[in-house]
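S.K.: Could you have a look at this structure, given as structure tokens, before my questions?
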Amino acid sequence: MDLLTWSIIALVIAIIAGALGFSGVARGASTIAFVLFGIFLAIALIMFVLIALGVGIAL
């Protein structure tokens, strides 16, 4: 599984835990989701820039 999938899973856990009143679990899961999504976004941005610059393309 990739980072985005884990981030979505943590977000769903946070929403369900928040709806059921488990605020500590919801806070922890939302923090995990936020961090994983941030890492995913940073890697995606770096890969986009590298592809735009043509790094790693075999001619």
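The values are calculated or read from the model by the stated rules, or taken from the named source; none is laboratory data. None of these values were measured; they are calculated from a predicted model. Note that each Cβ is placed from the backbone with ideal geometry, even for glycine, and that neighbours are counted across all protein chains shown.
S.K.: Considering only residues that are of a type outside the set (Val, Ile, Thr) and either in contact with a strand residue (DSSP E or B) (Cβ under 6 Å, 6 or more places away or on another chain) or touching a residue at least 24 places away in the same chain (Cβ under 8 Å) (or both), which ones fall in the range 1-10?
M.R.: Passing the criteria: ASP2, LEU3, LEU4, TRP6, SER7, ALA10.
S.K.: Checking the condition in a helix (DSSP H, G or I) and touching a Leu at 6+ places or on another chain (Cβ under 9 Å), which residue from PHE37, PHE48 passes?
M.R.: Within the list PHE37, PHE48, the selection yields PHE37.
S.K.: Further, regarding this structure: In this structure, is LEU53 exposed (fewer than 10 other Cβ atoms within 10 Å of the Cβ) and modelled with pLDDT of 85 or more?
M.R.: yes
S.K.: For the structure I just gave you, tell me whether ALA33 is of a type in the set (Gly, Ala, Ser), closer than 23 Å to ASP2 by Cβ and free of Cβ contacts under 8 Å to residues at least 24 places away in the same chain.
M.R.: No; evaluated as a whole, the condition is false for this residue.
S.K.: How many residues are surrounded by 12 or more Cβ atoms within 10 Å (Cβ to Cβ) and either touching a strand residue (DSSP E or B) at 6+ places or on another chain (Cβ under 6 Å) or of a type in the set (Gly, Ala, Ser) (or both) when one looks only at the range 21-43?
M.R.: Residues flagged as surrounded by 12 or more Cβ atoms within 10 Å (Cβ to Cβ) and either touching a strand residue (DSSP E or B) at 6+ places or on another chain (Cβ under 6 Å) or of a type in the set (Gly, Ala, Ser) (or both) within the range 21-43 amount to 6.
S.K.: Hey, another quick one. Give the residue, chosen from GLY38, GLY28, GLY21, that is without any contact (Cβ under 8 Å) to a residue 24 or more places away in the chain and at positive phi.
M.R.: Only one candidate qualifies: GLY21.
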